[in-house]
Amino acid sequence: MSQPEQLGPLASAFKDLPADAHPKQWNAFYEQATHPWDRAGPSLALKDLLLQRPDLVPPPSPGATALVPGCGLGHDVLLLASLGYDAWGLDVSETGLAMARQNEQDQQNKGYDQYPVREGHERGQVHWVQADFFADDWTKGVGTDGTGTGTFDLVFDYTFLCALPLDLRPRWAKQVTHLLAPRGRLVCLEFPVGKPHRDIGPPWGLNPEVYEALLATPGEPLHYDAQGDGTVVSAPSPKPRDDALHRLSLIKPLRTHKAGYYEDGTVRDFVSVWSR
């Protein structure tokens, strides 16, 4: 007889918890100063992409905007601002955002030594928003070039999609395409690559084909292999979708967070870039 799976603290807390109770649980973790998903610094893979592959991302011209959903302590929001974007950090947790604001103040007191301004650019503005990613009301009054359209030139997803229950993934795809400006880019630091779905999350396993299936048909449900390895078995609709996102590039970054490496020291994560 096989041994029952030993769940980690996140999986144990969210197992069988209704989705509408998830925001309260995420906030509880922050209140308990328990946030194992925090990386204690910005995503080096994102920084390298923005600096080394300007052909793939919107330039941080004045008024260019960026969004980090599930921003946590806001490391990547501060990184994007240092590179010239007006950056919005969105999180459902009030306590988490209070910690993000404190993190911003601490970095300011240190002269932003961890976040030097990109040469030739000015530091972008930082905005913190407490809201449900799937709601529409928080987008009023924000947007590219200050138009208040509720869209962004760049959306960065890391440890956000993988934290959502599997049945919310189609809603994520629908909302993220809605939030992207017409010429915008979605950048995903894909994690945890290769984790089977039979291993209960969060974080739930992801692989490049899941992103591709979700973003080709935003809002449509996915069906996975019965073996629980995360393979998508439902074919995308052959009919082109006006709201579909197309992958411009799939990159194995040279460096990433410690959690994104295999035990042998090779990089496990992928970086994908998407556009309309």
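Conditions tested, residue by residue: (1) in a helix (DSSP H, G or I); (2) crowded, with 19+ Cβ neighbours inside 10 Å; (3) of a type in the set (Lys, Arg); (4) in contact (Cβ under 8 Å) with a residue 60 or more places away in the chain.
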residue: Gly150; (1), (2), (3), (4): no, no, no, no
residue: Thr159; (1), (2), (3), (4): no, yes, no, yes
residue: Arg169; (1), (2), (3), (4): yes, yes, yes, no
residue: Arg185; (1), (2), (3), (4): no, yes, yes, yes
residue: Pro196; (1), (2), (3), (4): no, no, no, no
residue: Val210; (1), (2), (3), (4): yes, yes, no, no
residue: Leu214; (1), (2), (3), (4): yes, yes, no, no
residue: Glu220; (1), (2), (3), (4): no, no, no, no
Would you be able to tell me the number of residues in segment 246-276 that are touching a Phe, Trp or Tyr at 6+ places or on another chain (Cβ under 7 Å), more than 25 Å from Gly184 (Cα to Cα) and either part of a strand (DSSP E or B) or open to solvent by 90 Å² or more (accessible area, probe 1.4 Å) (or both)? 1
Listing of helices (runs of 4 or more DSSP H) fully contained in segment 4-106 that carry 1 or more residues being surrounded by 15 or more Cβ atoms within 10 Å (Cβ to Cβ) and charged (D, E, K, R): 44-52, 75-82
Test: Pro42 is out of contact with any strand residue (DSSP E or B) (no Cβ under 8 Å at 6 or more places or on another chain) and either acidic (Asp, Glu) or under 16 Å from Val155 (Cα atoms) (or both): yes
Across segment 24-39, what is the total count of residues that are touching a strand residue (DSSP E or B) at 6+ places or on another chain (Cβ under 9 Å) and of a type in the set (S, T, N, Q)? 0
Taking the condition closer than 30 Å to Pro202 by Cα and touching a helix residue (DSSP H, G or I) at 6+ places or on another chain (Cβ under 9 Å), does Leu161 pass? yes
Considering (1) surrounded by fewer than 21 Cβ atoms within 10 Å (Cβ to Cβ); (2) over 30 Å from Asp16 (Cβ atoms), say which one Lys174 fails and leave the rest. (2)
Being touching a His at 6+ places or on another chain (Cβ under 9 Å) and of a type in the set (Val, Ile, Thr): is that true of Val129 here? no
Boolean, Asp243 is over 18 Å from the mean Cα position of the chain (by Cα), within 16 Å of Leu186 (Cα to Cα), of a type in the set (D, E, K, R) and surrounded by 14 or more Cβ atoms within 10 Å (Cβ to Cβ): yes
Tell me the residue from Val92, Val68 that is closer than 18 Å to Trp274 by Cβ and modelled with pLDDT of 95 or more, please. Val68
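The values are calculated or read from the model by the stated rules, or taken from the named source; none is laboratory data. Remember, it's a predicted structure, so these values are computed and weren't measured experimentally. Note that each Cβ is placed from the backbone with ideal geometry, even for glycine, and that neighbours are counted across all protein chains shown. Only protein heavy atoms, including side chains, enter the accessible area calculation; ligands, DNA and RNA are left aside. Shrake-Rupley method; radii C 1.70, N 1.55, O 1.52, S 1.80 Å.
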